Amino acid sequence: MLFAKEQTVQSINTTMLLTYFQIGKYIVEDEQKNKTRAQYASATLTVLSKKLTKDFDKGFSVDNLERFRKFYLAYKNRISATASRKLSGKSKPAKSATLLRKTEIPFTLAWSHYVLLLKIENLNERNFYEIEAKQNNWSVRELQRQYNASLYERILLSKNKSRIKQLAQKGQIIQNPTDSLKDHLVLEFLGLEERPSYTERELESAIINKLEHFMLEMGKGFLFAGRQKRFTFEGDSFFVDLVFYNRLLNCFVLLDLKIGKLTHQDIGQMQMYVNYYDRYVKENKENPTIGIVLCKEENKTVVEITLPESNNQIFAKEYKLYLPSKEQLKKQINAL
């Protein structure tokens, strides 16, 4: 029953999207005569809006018609030549949409997602967010949050320019530990930025209270395994702040929270945590444990000197309590 309901909702959404696409096609090809610029008089849009509202009721305001026009221009290449030939002629948009739906389904998100995506001018960036929204089942609010938090730029900063095309075509692919790590984490949703000071325990509690948001910010495939996980040997007890499991990497991911600047003692402590999990917790079929020291201020030199050059298990990452500037991140990307 649930599956049938989901299929019905998907069917309605697809038909709606294709109807909007066909209205955009009609505006561009029949009214604008294939002019790509918005040289379409507002008076004409008003007339068309009144006509469509009369025929199909609400949802066809002048602003919406402009969105339909942009929707068609942004995604017209998704419709194959064969489907385009089937849609040639002067058939009504709704009838054409029904015909196209039987041929292929080029859109997988809700209309409200595409309204947001249309605001992204960079094609590679727009494609990336569309893929990620589909793969991770993001709500519109989460898509907006990830865009505002500059997810695309932050992933690029942790990769290289050769990955831009891959991100636009396939989204973020997790194959090794470094693929799951961003240049830094943005934790503005914790609400700590307005406070003059806070402790590591308060930071941990804030993360637990917003655990779903935190795991989305961490990336793909993370499952929560516990907080303050204790292990003991020779009478001494040690506590790992946060423990996750990544089902894509098939390994434990340990997080140690630091509110100050990273020190070599922090790295050494995490190395001990990772060694313990590798030797006494993980199973043979699982991959080596990953340790991340999440700190207010990273010290790359300390990391490089403390750890061996072949290190692929211990990482230090900064967290920020405010949304980054997209322009600043783009400048960093261009400087790579």
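The values are calculated or read from the model by the stated rules, or taken from the named source; none is laboratory data. Here the structure is a predicted model, which means the values were calculated and not measured. Positions of Cβ are generated from backbone atoms using ideal geometry, with glycine treated the same way; all protein chains shown enter the neighbour counts.
Odds and ends about this structure:
- Restricting the stretch 245-297 to residues that are surrounded by 20 or more Cβ atoms within 10 Å (Cβ to Cβ) and acidic (Asp, Glu), the residue that is farthest from Ala206 (Cα to Cα): Asp266
- Residue among Tyr152, Tyr129 that alone is at pLDDT below 90 and within 9 Å of the chain's Cα centre (by Cα): Tyr152
- Residues that are of a type outside the set (Ser, Thr, Tyr) and part of a helix (DSSP H, G or I) within the stretch 124-138 comprise Asn124, Glu125, Arg126, Asn127, Phe128, Glu130, Ile131, Glu132, Ala133, Lys134, Gln135, listed in sequence order.
Each row is one residue, and each column tells you yes or no for (1) assigned to a helix (DSSP H, G or I); (2) at pLDDT 95 or above; (3) in the same structural domain as Leu216 (by TED's automatic domain parsing).
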{"site": "Thr232", "(1), (2), (3)": "no, no, yes"}
{"site": "Phe238", "(1), (2), (3)": "no, no, yes"}
{"site": "Tyr245", "(1), (2), (3)": "no, yes, yes"}
{"site": "Leu249", "(1), (2), (3)": "no, no, yes"}
{"site": "Leu254", "(1), (2), (3)": "no, yes, yes"}
{"site": "Gln265", "(1), (2), (3)": "yes, no, yes"}
{"site": "Tyr273", "(1), (2), (3)": "yes, yes, yes"}
{"site": "Val303", "(1), (2), (3)": "yes, no, yes"}
{"site": "Asn311", "(1), (2), (3)": "no, no, yes"}
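- Search result, residues across the stretch 226-244 that are among the basic types (Lys, Arg) and surrounded by 17 or more Cβ atoms within 10 Å (Cβ to Cβ): Lys229
- Each residue in the stretch 176-223 was checked for being in contact with a helix residue (DSSP H, G or I) (Cβ under 6 Å, 6 or more places away or on another chain) and not in a loop (DSSP other than H, G, I, E, B), and 8 of them qualify.
Yes/no per residue for (1) modelled with pLDDT under 60; (2) small (Gly, Ala, Ser); (3) crowded, with 17+ Cβ neighbours inside 10 Å:
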{"residue": "Lys5", "(1), (2), (3)": "yes, no, no"}
{"residue": "Val9", "(1), (2), (3)": "yes, no, no"}
{"residue": "Gln22", "(1), (2), (3)": "no, no, yes"}
{"residue": "Glu29", "(1), (2), (3)": "no, no, no"}
{"residue": "Lys35", "(1), (2), (3)": "yes, no, no"}
{"residue": "Gln39", "(1), (2), (3)": "yes, no, no"}
